[in-house]
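The values are calculated or read from the model by the stated rules, or taken from the named source; none is laboratory data. Nothing here was measured: the structure is a model prediction, and the numbers come from that model. Positions of Cβ are generated from backbone atoms using ideal geometry, with glycine treated the same way; all protein chains shown enter the neighbour counts.
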């Protein structure tokens with residue numbers, strides 16, 4: 001347990017050091033979340049309006065189209081700001097400094113690649129949803145099998161696509177080549193059996209747990225206090241958890257970008273150590 005904590009803490013420190021040099025990166029996941037919420041709310045309007053109109057039956061195909069467009073929009077927003085983050089990290093690894101607007105401008109220059117990748121991502125998301133819906137309508141045995149298939153496919157997709165955005169930024173390639181680059185980076189460095197042993201997740205989990213215990217404990221002690229006091233405490237707790245999520249989201253992008261650079265060049269990115277990078281993954 002101590003070794004897990006020690007390695008995870010070292011990864012966190014090194015990743016945070018890069019984030020500290022380019023604090024504007026913290027705005028990217030914040031903006032991504034903000035625009036995603038706005039987009040999701042806008043996508044709810046057609047469904048809500050159609051249900052409010054009497055004698056209007058929403059076609060199943062229309063429903064799936066709406067789901068696909070929602071996936072597409074959310075994937076586009078997420079990828080757009082992820083590209084901006086990776087570009088900022090790349091520039092830092094190259095010994096330079098990219099401003100917030102320069103990184104946004106870079107994302108706009110890759111908007112065609114971002115859109116194509118979003119199409120692929122949305123298609124995969126829709127397929128996984130269809131499998132889930134078929135499973136829900138099936139018998140117990142088939143439901144178990146299909147649910148297992150969905151979980152396996154989802155995990156496989158998450159692994160093979162982990163380096164897609166860095167590949168787009170570094171190699172200027174489309175979605176298919178980006179997937180190939182991502183798979184090649186994984187296979188080349190850590191073999192076909194990929195097991196993530198240490199990462200930022202351990203420390204992030206501790207930070208979340210600490211926040212829940214602290215604010216939950218204070219809330220319990222103040223349970224008889226004025227409602228506004230409890231609301232204020234809840235708001236502060238929410239801001240804390242949101243801050244942890246945002247910071248670790250960026251730090252994880254920094255770490256993955258460093259791994260991609262190492263996988264493709266064999267060089268340790270500036271700010272990281274050989275032990276942290278080369279032992280981030282290991283074969284079974």
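Tabulated results
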| item | result |
| --- | --- |
| The stretch 9-28, residues that are within 17 Å of the chain's Cα centre (by Cα) and under 18 Å from residue 102 (Cβ atoms) | 19, 25, 26, 27, 28 |
| First in the stretch 1-23 and more than 15 Å from residue 248 (Cα to Cα), second anywhere and surrounded by 20 or more Cβ atoms within 10 Å (Cβ to Cβ) and at pLDDT below 85, Cβ under 7 Å, 6 or more apart | 4/198; 7/198 |
| Conditions (1) closer than 23 Å to residue 261 by Cβ; (2) buried (at least 19 other Cβ atoms within 10 Å of the Cβ): number failed by residue 183 | (2) |
| Single match in 158, 178, 135, 122 (criterion: in a helix (DSSP H, G or I), touching a helix residue (DSSP H, G or I) at 6+ places or on another chain (Cβ under 8 Å) and either over 29 Å from residue 66 (Cβ atoms) or modelled with pLDDT under 90 (or both)) | 135 |
| Residues of the stretch 161-175 classified as assigned to a helix (DSSP H, G or I), over 15 Å from the mean Cα position of the chain (by Cα) and touching a residue at least 60 places away in the same chain (Cβ under 8 Å), total | 5 |
| In the stretch 196-253, the residues that are outside any helix (DSSP H, G or I) and more than 30 Å from residue 83 (Cβ to Cβ) | 222, 223, 224, 225, 226 |
| The stretch 93-119, residues that are touching a residue at least 40 places away in the same chain (Cβ under 8 Å), closer than 30 Å to residue 176 by Cβ and part of a loop (DSSP other than H, G, I, E, B) | 98, 110 |
| Condition met for residue 152 (within 26 Å of residue 19 (Cα to Cα), in a helix (DSSP H, G or I) and either at pLDDT 95 or above or under 20 Å from the mean Cα position of the chain (by Cα) (or both)) | no |
